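The values are calculated or read from the model by the stated rules, or taken from the named source; none is laboratory data. Predicted model, so just to flag it, every value in this text is computed and none were measured. With ideal geometry, Cβ positions are generated from the backbone for all residues, glycine too; neighbour counts draw on all protein chains shown.
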Amino acid sequence: MRKGICCAGNMIVDITYPIETWPKQNELTHITEGIQNSTGGSVCNTITNLARLDPSLPLYASGFAGYDAEGEFVLQEMGKYPNIDISMVKRDGRTSFTMVMSNNQTKERTFFQHAGANAYYCEEHIDLDALDVDIFHIGYILLLPALDAEDDEYGTKMARLLHNVQKKGIKTSIDVVSETGDRFARLVTPALKYTNYCIINELEAQQTTGVVLRSADGTLHLENMPAALNKLKELGVADWAVIHCPEIGCGIDKKGEYYAVPSLKLPDGWIKGTVGAGDAFCAGVLYAAEMGWTMPEALKMGACTAAASLNAVSASDGVKTAEEVLRLYNLYA
């Protein structure tokens with residue numbers, strides 16, 4: 001019997017502003033029609049995608065929703081899905097929000113983030129005694145200050161939390177936020193020692209491992225993917241190390257076997273927005289892990305779920321059931 005998945009960490013309201021183009025410093029651009037509020041962050045995006053992939057899968061949300069309109073919105077949106085249990089969500093402070101600037105020309109997006117109550121989320125807000133799931137997924141490392149804090153024994157509070165979750169016989173999964181800077185080795189590396197599934201993008205993997213995967217000119221170095229994935233395994237990832245990017249999804253399984261599945265060749269006009277595509281890929285891989293599928297099947301599910309999410313402006317509205325999502329592979333692989 002499936003016990004399901006707990007998605008923990010960042011709960012955010014995304015306010016998406018479509019803009020004509022990205023301006024230079026001190027220049028002006030126009031916000032066009034289509035401003036939209038949607039739930040975002042690792043918890044909301046990943047758990048909603050999972051709920052849409054399989055309405056029978058038990059899901060549990062853990063994070064902070066503020067005592068404000070945005071907090072009510074977050075709970076209302078997750079509450080639309082009968083299989084999402086929100087009883088572990090805490091209420092305090094101001095709900096985290098992100099202003100998402102979505103370029104109408106390139107479909108690229110830029111984020112301006114306010115942490116709100118997410119900044120205080122830590123192990124004391126998770127009832128480990130009551131946690132009874134197959135997989136505990138948490139994100140994002142680098143965007144949860146209390147869990148990113150130093151720990152004398154484990155390196156970070158996040159690593160301590162993951163260790164304590166694993167002690168209960170629960171498999172752990174992590175995701176990381178993309179940023180510039182040198183915090184990856186210091187904050188991500190300790191967590192990898194207590195991680196079963198690491199599902200991150202190529203820039204996050206590059207920052208964590210030091211293996212060049214994307215040059216400054218945008219060139220993807222696919223030939224370096226096995227080295228980066230092996231480095232993640234060396235740093236402690238127990239089961240699956242997965243790297244995704246717009247072109248391809250790659251992974252190494254528990255046996256050390258390397259696999260790669262190209263992204264779908266989507267028709268013109270398919271992409272309505274790219275917000276949450278990485279979380280959708282992650283949800284697809286997590287669903288495959290929960291179902292006991294192989295790594296190639298997981299990468300295929302990740303690619304299809306990400307492709308489905310691209311067909312809507314918000315992070316999850318394009319995602320359908322697992323069966324419907326997988327049909328995209330036959331159409332566009």
### Query
In the range 49-72, which residue that is surrounded by fewer than 18 Cβ atoms within 10 Å (Cβ to Cβ) and not in a loop (DSSP other than H, G, I, E, B) is modelled with the lowest pLDDT?
ALA69
#### Entry: Answer residue from the range 258-286, given it is in contact with a strand residue (DSSP E or B) (Cβ under 9 Å, 6 or more places away or on another chain) and surrounded by fewer than 23 Cβ atoms within 10 Å (Cβ to Cβ) and is farthest from PRO18 (Cα to Cα) among those
TYR258
### Task
Would you check if there is a residue in the range 231-249 being more than 21 Å from THR172 (Cβ to Cβ), within 20 Å of the chain's Cα centre (by Cα), assigned to a loop (DSSP other than H, G, I, E, B) and of a type in the set (Val, Ile, Thr)?
no
### Task
Looking at (1) under 18 Å from ALA277 (Cα atoms); (2) surrounded by 15 or more Cβ atoms within 10 Å (Cβ to Cβ), find the lone condition where GLU247 falls short.
(2)
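When you scan the range 122-205 for helices (runs of 4 or more DSSP H) that lie fully inside it, which ones turn up with 3 or more residues that are free of Cβ contacts under 8 Å to residues at least 60 places away in the same chain and surrounded by 22 or more Cβ atoms within 10 Å (Cβ to Cβ)?
157-167, 189-192
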### Message
Being free of Cβ contacts under 8 Å to residues at least 60 places away in the same chain, of a type in the set (D, E, K, R) and farther than 26 Å from SER173 by Cα narrows it down to one residue among GLU77, GLU33; which is it?
### Response
GLU33
### Message
Yes or no: the range 3-24 includes at least one residue that is in contact with an Asp or Glu (Cβ under 6 Å, 6 or more places away or on another chain), free of Cβ contacts under 8 Å to residues at least 24 places away in the same chain, surrounded by fewer than 24 Cβ atoms within 10 Å (Cβ to Cβ) and in a loop (DSSP other than H, G, I, E, B).
### Response
no
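Determine if the range 264-277 includes at least one residue that is of a type in the set (Lys, Arg) and assigned to a helix (DSSP H, G or I). Can you show your working first?
Of the range 264-277, the ones of a type in the set (Lys, Arg) are 265, 272.
Filter once more, so that each one left must be assigned to a helix (DSSP H, G or I): none.
Within the range 264-277, none of the residues are of a type in the set (Lys, Arg) and assigned to a helix (DSSP H, G or I).
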### Task
Quick one: in the range 292-333, of everything that is at pLDDT 95 or above and charged (D, E, K, R), which residue is nearest to PRO55 (Cα to Cα)?
LYS320
### Task
Would you mind stating whether VAL89 is out of contact with any Phe, Trp or Tyr (no Cβ under 9 Å at 6 or more places or on another chain), under 27 Å from ASP129 (Cβ atoms) and not hydroxyl-bearing (Ser, Thr, Tyr)?
no
